[in-house]
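Computed from the coordinates by the stated procedures, all read-outs in this text should not be read as laboratory data. Computed from a predicted structure; not experimentally measured. Neighbour counts run over all protein chains shown; Cβ positions are idealised from the backbone, glycine included.
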Amino acid sequence: MYNRRKFIKLSSITASLTALSASSIASVLKTEAANHPIVISTWDFGVAANKEAWKILSKGGRSLDAVEAGAKIPEADLKNHSVGRAGYPDRDGHVTLDACIMDEQGNCGAVAGMEDIAHPISVARLVMEKTPHVLLVGDGARQFAIEQGFKAEKLLTPESEIAWKKWLVKHEYKPIMNSENQMPGGKYNHDTIGMLAIDAKGNISGACTTSGMAWKMHGRVGDSPIIGAGLYVDNEVGGATSTGVGEEVIRNVGSFLVVELMRHGYSPQDACKEACRRIIKKKPDTVKEIQVGFLAINKKGEYGAYALHKGFTFAVCDAKKQDLIIPGKYFYETVKD
Ligand code: ASP
């Protein structure tokens with residue numbers, strides 16, 4: 001008998017199916033309204049990197065190719081002393097480079113403390129694609145790069161050598177706030193490019209590359225080549241990257257934290273703010289002297305950033321504008337030299 005109970009059951013199934021299809025339609029509409037392709041990067045020098053990435057993204061290319069191509073721009077820039085070739089050396093005079101890359105499938109690769117190879121981001125990509133590993137360090141990374149056809153060359157430029165020798169006079173072992181915005185010549189002692197891109201298919205990838213803290217201890221590795229710290233991508237949710245004093249980012253697994261917060265509904269900016277707040281909570285005194293900045297993008301192409309101190313900037317490039325620079329929000333007004 002077609003009784004009342006069966007009827008109620010049937011109508012509730014129909015109602016949920018209707019609701020389901022309405023929500024799927026809404027999510028399709030949302031995806032269509034998402035802002036991509038788009039690429040964002042840390043600091044003002046992200047503009048040039050974004051423009052290179054945009055050449056790939058605007059033609060429908062893959063976000064992984066875009067972030068690799070983009071990251072190679074500051075790596076090759078002889079005026080940039082915090083990334084790649086011409087990066088300032090450690091306190092013993094060695095230029096040691098760190099980088100990592102992550103794609104939309106959660107694949108990742110990294111190199112740390114690698115000497116003599118100008119494009120660590122491309123070596124990181126090959127670690128991801130050609131080895132069963134995630135991270136190669138020091139001599140092993142260099143050897144792998146050479147086996148893959150990279151040229152070994154001296155990365156310490158005359159200008160970097162002069163700055164290092166100048167530093168040796170006082171050899172003060174201290175990170176300098178917002179050094180990217182300062183003039184080279186001893187003051188410019190850290191900053192990293194972290195890039196996040198969403199391609200026309202809606203797939204997210206990220207890259208992060210640095211020479212790390214200038215005058216660091218030989219063997220010191222910061223957050224930048226550490227997946228989850230300097231960079232993290234989850235294609236369902238979004239991506240995040242960081243710059244600044246890597247030790248504090250590693251302690252809080254910063255970029256992974258930002259992505260997880262976005263998964264739980266935080267906007268990119270609020271997620272970055274909360275990651276900064278965790279650093280402040282653990283080290284309320286130390287944070288007055290150091291800079292850390294986070295940058296994030298979600299699946300819809302919404303982006304945001306937050307830093308401990310004033311001075312952090314990021315660059316945005318999409319179909320509307322290719323050279324936008326945005327000042328990051330921050331907790332402290334302090335700008336130190
Ligand atoms: N995060 C980098 C490091 O700690 C440096 C920086 O971005 O300033 O090596």
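Phi-derived couplings, Karplus 6.51 cos²θ - 1.76 cosθ + 1.60 at θ = phi - 60°, listed residue by residue for segment 311-318: x, 6, 10, 9, 10, 10, 9, 9 Hz, with x used for Gly and Pro. Given R0 = 22 Å, the distance between the Cβ atoms of K154 and K130 translates into a calculated FRET efficiency of 0.25.
Listed cross-link partners K273/K310; K170/K282; K170/K329; K51/K165; K216/K329 are compared with a 25 Å cut-off, the Cα-Cα value being larger for K170/K282; K170/K329; K51/K165; K216/K329. Close amide H pairs (under 5 Å, H built 1.01 Å from N) link A86 with T157, residues at least 5 positions away or on another chain.
Can you tell me how segment 265-337 classifies by the Cα gyration tensor, rounded, prolate or oblate, using a/c under 1.5 as the rounded cut? Oblate, because a/c is 1.5 or more while a/b does not exceed b/c.
Dipole check for segment 204-314: with +1 at the C-beta of Lys and Arg, -1 at the C-beta of Asp and Glu, and the Cα centre as origin, the magnitude is about 260 Debye. Here's the list of aspartates and glutamates a cross-link from K130 could span, going by alpha-carbon distance under 13 Å and ignoring same-chain residues fewer than 8 apart: E147.
Give the calculated FRET efficiency between R251 and H171 to the nearest 0.05, with a Förster radius of 22 Å applied to their Cβ-Cβ distance.
So the FRET efficiency works out to roughly 0.30.
If R0 equals 30 Å, the separation of the Cβ atoms of Y332 and H264 corresponds to a calculated FRET efficiency of about 0.70. All other residues whose Cβ lies under 13 angstrom from that of A69 are scored, Lys and Arg at +1 and Asp and Glu at -1, for a net of +1.
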